[in-house]
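Asks: So that we are looking at the same thing, I have put the structure below in structure tokens.
Each value in this text was obtained by applying a stated rule to the coordinates, not by laboratory testing. Keep in mind that what you see is a predicted model, and the values were worked out from it rather than measured. Cβ atoms come from the backbone with ideal geometry, glycine included; neighbour counts cover every protein chain shown.
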Ligand code: FAD
């Protein structure tokens, strides 16, 4: 089988055009192919589809010889993910192992996919989740967005089945290295669990909140069908440690659950759990993360910026963008978690704080595009040397956002033109903010550190050079966007994945500092599960 990449065709090409381009490229009369990946290449005002194809031809060796200078025509690499079996030993075989049931704290992508692998290997894992099952959770979350007063600290955008990504754009791409081919495996599992098939071929696959909830439920049902358990409303509030080994977790209702081993896949927002683990002597290293605002433009404008005359073409869908601007402030501003045709959402998990993020449905059909407009901050900004200082830094910004928004979960917002001119906004312009329950027009200098404000301001004209129209005066900035990644990392052994100073304890996923995004968190869950299986 051959792999042919960078086969570029215009937006309105037909299947016959694609076949003809392939035959011409290979210099053959006949070939069978399947699409491995299709990317939209929208650079320098030109929009193309760029294909990677898997191709069967009659005389592979002759074609390869004839095209030996063409690095885009190669033998197709084997991208099979090799499942790890119990007791396989190998690199991860030094860990604690044990023979009891594994306990996994958290049912985000990390916990769920760790649970799926362990369940398929017959280990009957117990998954503990502080939030509710997806359906009940959705009612709490949408109720809070609509009404604004009934925030539930245990059932929100961060906590509950599926974790932080359940109410999201469901972007399923990542820049992590994937030598073991976990990502294609994950995407296939998601399709088997109800995700749209196009995620297998799109270069930037996305699934949307509506489809993601189905996938999450499906994975849970499989874990249970294999003898595992998924317990909602089960907040882990303490741990039992004996002689350098984590033996069990303690739930808020006092129940003690032994784990062999214990995986913590708690995400980046479980601040009370971080504090408890720190008190119990778990090591934490502070790490940088990013803060900023959500910026909203009309999606039609973004389509025009990226797709030019092809804007609105049904094959292209809503345009995504991505940018990074290096500034004289010696910081960079960059786009984070861009959601084409999406909504800005209230994403807090702590009372008295306002946090923004973005989500969309599979159709990406809302009027506005939004993205985090972020600046990296690090331990030098946190104002104290405590390992959890980054969390406190984050919390202070979120509290200021809550106060600036009127102390009722409305979010502070400003028009981009006013932000650049250094004056408070007093009313909406041509872009209607999508954040629910609502926004309060203000001056975001009340909320964000001066260094972040200065970097965002300097970045706008720089970004405008590559995305003309980005500096739209009526674009809406809503804050505060603070939950970009975990402000801490729990050090773990790079081979066994156990915590460096505590046996039987596996810190995993985004909260432990080893992932950022749905797919990378799920892949980290797989890595940890594989290490556990090798150690049995
Ligand atoms: P999480 O998903 O955060 O899951 C952790 C789980 O642990 C939670 O369910 C929590 O309730 C539970 N938990 C925490 N503490 C305890 C405890 N003490 N006891 C029991 N349970 C506990 N990423 C993308 O790749 N693409 C996107 O489009 C995207 N959009 C996003 C949109 C939004 C609104 C948000 C909030 C995030 C988005 N992300 C996106 C980021 C992505 O969701 C996270 O990177 C990912 O979910 C991290 O996975 P995780 O399993 O490590 O942690």
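Asks: In what order do 524, 178, 12, 140 fall by count of nearby beta-carbon atoms within 10 Å, going from fewest to most?
Replies: Ascending number of Cβ neighbours within 10 Å: 12, 178, 140, 524.
Asks: Any chance you could run the full-extension gain for residue 83 through residue 326? It's 0.36 nm times the residue separation minus the Cα-Cα distance, nm to one decimal.
Replies: 83.3 nm
Asks: Determine how many Å³ per residue the convex hull of the Cα atoms of the range 286-481 encloses.
Replies: In the range 286-481, the Cα hull volume divided by residue count equals 112 Å³.
Asks: Which value, in Å³ per residue, describes the convex hull spanned by the Cα atoms of the range 228-287?
Replies: Given the Cα convex hull of the range 228-287, per-residue volume reads 108 Å³.
Asks: Sticking with this one: Between residue 1 and residue 201, how many nm apart are label points set 7 Å from Cα along the C-beta direction?
Replies: Once both label points are built, they end up 1.4 nm from each other.
Asks: Still on this structure: If you average the sequence gap of Cα pairs under 8 Å that are 6 or more apart and divide by the length of the chain, what percent do you get for the contact order?
Replies: Values: 1291 pairs, mean separation 108.2, N = 536.
Answer for the chain is 20 percent.
Asks: If eta is 1.306 mPa s and T is 10 °C, what Stokes-Einstein diffusion coefficient results for the chain, Kirkwood Rh from Cα pairs, in µm²/s?
Replies: Translational diffusion coefficient: 65 µm²/s.
Asks: Could I have the simple spin-label model distance between residue 188 and residue 15, label points 7 Å from Cα toward Cβ, reported in nm to one decimal?
Replies: 2.4
Asks: Set the Förster radius R0 to 56 Å, insert the Cβ-Cβ distance between residue 471 and residue 242 as r into 1/(1 + (r/R0)^6), and round the FRET efficiency to 0.05.
Replies: 0.40
Asks: Next question, about the same structure. Among DSSP bridges having both ends in the chain, what percentage is antiparallel? Round to the nearest 5.
Replies: 80
Asks: Could you give the distance between the Cα centres of the range 391-454 and the range 461-478, to the whole Å?
Replies: Taking the Cα centre of the range 461-478 as reference, the centre of the range 391-454 is 17 Å away.
Asks: Next question, about the same structure. For the range 273-351, what is the per residue volume of the convex hull drawn over the alpha-carbon atoms, in cubic angstrom?
Replies: Once divided by residue count, the hull of the range 273-351 is 167 Å³.
Asks: Can you give the Rg and Dmax of the range 2-75 based on its C-alpha atoms, in angstrom?
Replies: 12.4, 39
Asks: Hey, what number do you get for the chain at 222 nm if only DSSP H runs of n ≥ 4 count, each worth -39500 (n - 2.57), divided across all residues, to the nearest 500?
Replies: Per the formula, -8500 deg cm²/dmol.
Asks: Where both residues lie in the range 286-481, what percent of DSSP beta bridges are antiparallel, nearest 5?
Replies: Within the range 286-481, antiparallel bridges account for around 90 percent of the total.
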